[in-house]
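Undergrad: Supplied in structure tokens, the structure appears directly below.
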Amino acid sequence: MALQEKLDRFKKQQEKCQSTLTSIAASNKVTSHKFTPAPAAPSVSARAPAPAVKFSNDTERLQHINSIRKAPVGAQIKRVIDLLLETRLAYTPEQINDAVYVDINSNKAVFDSLRNNLKVHYDGKRFSYKSKHDLKDKSQLLYLVRKFPEGIAVIDLKDAYPTVMEDLQALKAAGQIWLLSNFDSQEDIAYPNDPRVPIKVDDDLKLLFRGIELPRDMIDIERDLQKNGMKPATNTAQRRARSEVQGMSSKPKPKKKKHEITKRTKLTNAHLPELFRNLTENKS
């Protein structure tokens, strides 16, 4: 590549200049031994010793840039998309080259792939990140979720803007949306929790739901919930074991004996004769 040729030429020039400086220093040393200047006639045009020439050691950076530009097209595109996603700014090809060392102008394959990428927007001059849904804040996020009563995949919202995941959790905590997992793909689905949104359930689904026969024992129900990846709200086995240990088995408690009015009962409500009807009948 052209960059490697420049690097080799740079090394050769460095070696050549170093050898030239060495030869100059050796010739000055020989001349000082042959000719001794007269002390009475000092040279008017005496020159100060020339400073040593230092060359910049930029080899590692150039090698890093060269390795990036020799990388596959997909790897270079990923570097550019990561830059656009992280900063959410628009970049010219020159600015991208300065930031991530991907020379778009010199690589037609990279340029065409970026221009046609679904995650990249190109306006003819600058490249910027393009999310599936153009959202800016939490209010727009809630408005979008409410447009999908059947639910919208969270993976389609993750790159809308930097704080979208925090806003989803905030909307869930506020009771404005639901976040449920899909058992098939294990992906979260966002559903609107809005009573104004009509949700129609098919009759076939209703019949299927009502036709499910649940186990009679609560332990079997909890076991089925765990098999389907859900955490039961109760733990019947643990509760029963604790009851047996504490002697709190399910024995019926003895009923308290109902106190009836007898002859020995001190009457304090004599003005209510219906309360003492039973006592009167016993006397008779």
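Undergrad: Let me confirm something: among Ser131, Ser106, which residue is at pLDDT below 95 and open to solvent by 30 Å² or more (accessible area, probe 1.4 Å)?
TA: Values: Ser131 fails: open to solvent by 30 Å² or more (accessible area, probe 1.4 Å).
Among Ser131, Ser106, only Ser106 is at pLDDT below 95 and open to solvent by 30 Å² or more (accessible area, probe 1.4 Å).
Undergrad: Any idea which of Lys172, Lys266 is assigned to a helix (DSSP H, G or I) and either loosely packed, with under 11 Cβ neighbours inside 10 Å or modelled with pLDDT of 80 or more (or both)? Reasoning before the result, please.
TA: Values: Lys266 fails: assigned to a helix (DSSP H, G or I).
Going through Lys172, Lys266 in turn, the sole match is Lys172.
Undergrad: When you look at Ala75, is it in contact with a helix residue (DSSP H, G or I) (Cβ under 7 Å, 6 or more places away or on another chain) and either open to solvent by less than 60 Å² (accessible area, probe 1.4 Å) or in contact (Cβ under 8 Å) with a residue 60 or more places away in the chain (or both), yes or no? Let's see the steps before the verdict.
TA: Details: in contact with a helix residue (DSSP H, G or I) (Cβ under 7 Å, 6 or more places away or on another chain): no; either open to solvent by less than 60 Å² (accessible area, probe 1.4 Å) or in contact (Cβ under 8 Å) with a residue 60 or more places away in the chain (or both): yes.
Here the answer is no, as Ala75 does not meet what is asked.
Undergrad: Looking at segment 191-202, is at least one residue surrounded by 10 or more Cβ atoms within 10 Å (Cβ to Cβ), touching a helix residue (DSSP H, G or I) at 6+ places or on another chain (Cβ under 9 Å), outside any loop (DSSP other than H, G, I, E, B) and of a type outside the set (Gly, Ala, Ser)?
TA: yes
Undergrad: Suppose we keep only residues that are open to solvent by 100 Å² or more (accessible area, probe 1.4 Å) and of a type outside the set (Asp, Glu) within segment 213-233. Which one would you say is farthest from Ser181 (Cα to Cα)? Please lay out each step first, then the result.
TA: Looking only at segment 213-233, we keep the residues that are open to solvent by 100 Å² or more (accessible area, probe 1.4 Å), and these are 213-214, 216, 223, 226-227, 231, 233.
Now drop any that are not of a type outside the set (Asp, Glu), which leaves 214, 216, 223, 226-227, 231, 233.
Details: Leu214: 23, Arg216: 27, Arg223: 19, Gln226: 15, Lys227: 15, Lys231: 13, Ala233: 18 Å.
Top of the filtered list is Arg216.
Undergrad: Quick test for you: out of Leu62, Leu118, Leu85, pick the one residue that is of a type in the set (A, V, I, L, M), open to solvent by 30 Å² or more (accessible area, probe 1.4 Å) and outside any helix (DSSP H, G or I).
TA: Details: Leu62 fails: outside any helix (DSSP H, G or I); Leu85 fails: outside any helix (DSSP H, G or I).
None of the others qualify; the one that does is Leu118.
Undergrad: What are the pairs, 6+ residues apart or on separate chains, where a residue within segment 196-213 that is modelled with pLDDT under 85 has its Cβ under 8 Å from a residue that is open to solvent by less than 100 Å² (accessible area, probe 1.4 Å) and part of a helix (DSSP H, G or I)?
TA: Val197/Arg146
Undergrad: Next question, about the same structure. Check off (1) touching a residue at least 24 places away in the same chain (Cβ under 8 Å); (2) out of contact with any Phe, Trp or Tyr (no Cβ under 6 Å at 6 or more places or on another chain) for Leu84 and give me the number that stays unchecked.
TA: (2)
Undergrad: Follow-up question, since we're still on this one. Which one of these is touching a Phe, Trp or Tyr at 6+ places or on another chain (Cβ under 7 Å) and among the basic types (Lys, Arg): Arg115, Arg79? Before the answer, list the steps.
TA: Details: Arg79 fails: touching a Phe, Trp or Tyr at 6+ places or on another chain (Cβ under 7 Å).
The unique qualifying residue is Arg115.
Undergrad: Still on this structure, please answer the following. So, Leu144, is that one on the phi < 0 side of the Ramachandran plot, open to solvent by less than 60 Å² (accessible area, probe 1.4 Å), part of a helix (DSSP H, G or I) and out of contact with any helix residue (DSSP H, G or I) (no Cβ under 8 Å at 6 or more places or on another chain) or not? It would help to see each step written out before you state the result.
TA: On the way: on the phi < 0 side of the Ramachandran plot: yes; open to solvent by less than 60 Å² (accessible area, probe 1.4 Å): yes; part of a helix (DSSP H, G or I): yes; out of contact with any helix residue (DSSP H, G or I) (no Cβ under 8 Å at 6 or more places or on another chain): yes.
It is true that Leu144 is on the phi < 0 side of the Ramachandran plot, open to solvent by less than 60 Å² (accessible area, probe 1.4 Å), part of a helix (DSSP H, G or I) and out of contact with any helix residue (DSSP H, G or I) (no Cβ under 8 Å at 6 or more places or on another chain).
The values are calculated or read from the model by the stated rules, or taken from the named source; none is laboratory data. Computed from a prediction, not measured in an experiment: that's the story for all the values here. Because the Cβ atoms are built from the backbone with ideal geometry, glycine has one as well, and the counts that use them run over all protein chains shown. Ligands, DNA and RNA are stripped out before the accessible areas are found, and what is left, the full protein with its side chains, is counted by its heavy atoms. Shrake-Rupley method; radii C 1.70, N 1.55, O 1.52, S 1.80 Å.
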